[in-house]
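The structure follows.
Each value in this text was obtained by applying a stated rule to the coordinates, not by laboratory testing. Note that the structure is a prediction, hence the values are computed from the model and not measured. All Cβ positions, glycine included, derive from the backbone under ideal geometry; neighbour counts span all protein chains shown.
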Amino acid sequence: MTEYDIAIIGGGPAGAAAVEHLAWRGIAEAVWIDESNPDEEDRAPVTERVQTRSGTIVWGAFPGFELATRGPHGPELLQAKRLILATGATAVARSFPGSDRPGVMTGDGLQRLLTEYRVWPGGKRVAIVGDDIAAIARLRGVIEDASGDLVVVTNDDPAVMSRDGVVGAIRLADGRVVETDIVAICAGRQPDIALALMLECATGYSGELGGFVPVRSADMETSVPGLYACGDCAGIGSVGQAIGEGVIAAEAAARSLGFGVAEGFEEKRLSWERANADRQAAADIVSANWQQHFVESVRAGSVTA
């Protein structure tokens, strides 16, 4: 098992900002894990102290920050003294008659099939269900680039009509029947807290932050000591907010390991907090809905953090 001071999971703005900050400081042995699939040249270490695991999925996170991964070179077990989650967000699903039929998927799923894998899942006629304007606009462009046909966009719950067991058409709320091969759901995004829950973080619901999120301190530390959450996995927000949280989490993780405080950091942090007071206030009022067993064991001294 390979051991590191700090592991960062996620390749979005928050994860990249955390990695950039650690690389700039050059003091901690870190690993950056991301599921995207860049070419071999992009898999090179960020610095000698910051390694990368691109095209790698973390399918398990366990006490002691043991991470079970699978990447281009097969399965691997990693361990870190501190862990930063920057796992982003997932698409919100939506239930309507026939939504379990093959051919019904999230807009993110269809976009990935068309842009990353270059395949159409069946025919090229697409119906979009949802009200996420930005996601609909992105998907519309992807469909056009792939020579597809966007047949209808609706925010009403349709009824899926099958053809040989798969999507064949949808019946709209006004009674119209529209033939389609794919139903793409664009109903917004929610924080991806799967790994946080696996590590038994305390979580609470926040409508302002987009769903269930980890309870965090001002340093982005969760209820599990040494575990930090930043960016959309801690609440849907802007790119600027994610970048700021990534830097704060990286600095807090390094400081907790005894590396001291980066020069000028506190001034930059205060400036960021003033600019993002609303997000901070929303995070501060999140209360835990349940108590996790692992943290109680740590506090009782039966498990070493």
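What are the ³J(HN,Hα) couplings of segment 118-131, residue after residue, when phi is run through the Karplus curve with 6.51, -1.76, 1.60 and θ = phi - 60°? Round to Hz, x for glycine and proline.
6, 9, 9, x, x, x, 10, 8, 10, 10, 9, 10, x, 10
I'd like the antiparallel share, as a percent to the nearest 5, of DSSP beta bridges with both residues in the chain.
On the way: 27 of 57 bridges.
Close to 45 percent.
Okay, moving on. Using only the Cα atoms of segment 193-247, build the gyration tensor, take square roots of its eigenvalues as a ≥ b ≥ c, and label the shape rounded, prolate or oblate: rounded if a/c is under 1.5, else prolate if a/b is larger than b/c, else oblate. Can you show the working numbers first?
On the way: a/c = 1.90, a/b = 1.21, b/c = 1.57.
Note, shape of segment 193-247 comes out oblate.
What do you get for the angle between helix 239-256 and the principal long axis of the chain? Use alpha-carbon atoms, 0 to 90 degrees, nearest ten.
Rounded to the nearest ten degrees, it is 30.
If the only charges are +1 at each Lys and Arg Cβ and -1 at each Asp and Glu Cβ, what is the size of the charge dipole of segment 1-148 around the Cα centre, to the nearest 20 debye? Please report the intermediate quantities before stating the final value.
Details: 15 positive and 20 negative charges, 104 e Å.
Result for segment 1-148 is approximately 500 debye, rounded to the nearest 20.
Can you give the direction-averaged projected area of the convex hull of the alpha-carbon atoms in segment 34-161, in nm²? It would help to have the intermediate numbers written out before the result.
Details: hull surface 42.5 nm².
Here the figure is 10.6 nm², rounded to one decimal.
Next question. So what's the Cα pair-distance distribution over segment 93-187, bin width 10 Å, in %?
Pairs per bin, as whole percents: 18, 57, 25, 1.
Please identify, among Glu245, Glu200, Glu263, the residue showing maximal mean-square fluctuation in a Gaussian network model of the chain using a 10 angstrom Cα cutoff.
Glu263
Which values of log₁₀ I(q)/I(0), to two decimal places, follow from the Debye formula for segment 140-203 at q = 0.29 Å⁻¹ with a uniform point scatterer at every Cα?
-1.28
Angle between the Cα long axis of helix 133-145 and the longest principal axis of the chain, 0 to 90 degrees, nearest 10?
Computed tilt is about 60 degrees.
If you restrict to DSSP beta bridges whose two residues both lie in segment 84-231, what percentage is antiparallel, to the nearest 5?
Details: 16 of 30 bridges.
Here the antiparallel bridges make up roughly 55 percent for segment 84-231.
Related question: Compute the helix-to-body angle for 13-25: its Cα long axis versus the longest principal axis of the chain, expressed 0 to 90° and rounded to tens.
Helix 13-25 and the main axis of the chain meet at about 30 degrees.
Normalised radius of gyration for the chain, please: alpha carbon Rg relative to 2.2 N^0.38 Å, two decimal places. Show your work: numbers first, answer last.
Values: Rg = 21.4 Å, N = 305, 2.2 N^0.38 = 19.3 Å.
This ratio for the chain stands at 1.10.
Based on the mean of other beta carbon atoms within 10 Å per residue, what is the order of 64-73, 6-15, most packed first? Don't skip to the end; give the middle numbers.
Working: 64-73: 16.6, 6-15: 26.8.
Per-residue mean Cβ counts within 10 Å order the peptides as 6-15, 64-73.
Separate question: Which one, Phe265, Phe96, Phe212, has the greatest fluctuation when you compute a Gaussian network model over the chain with C-alpha springs under 10 angstrom?
Phe96
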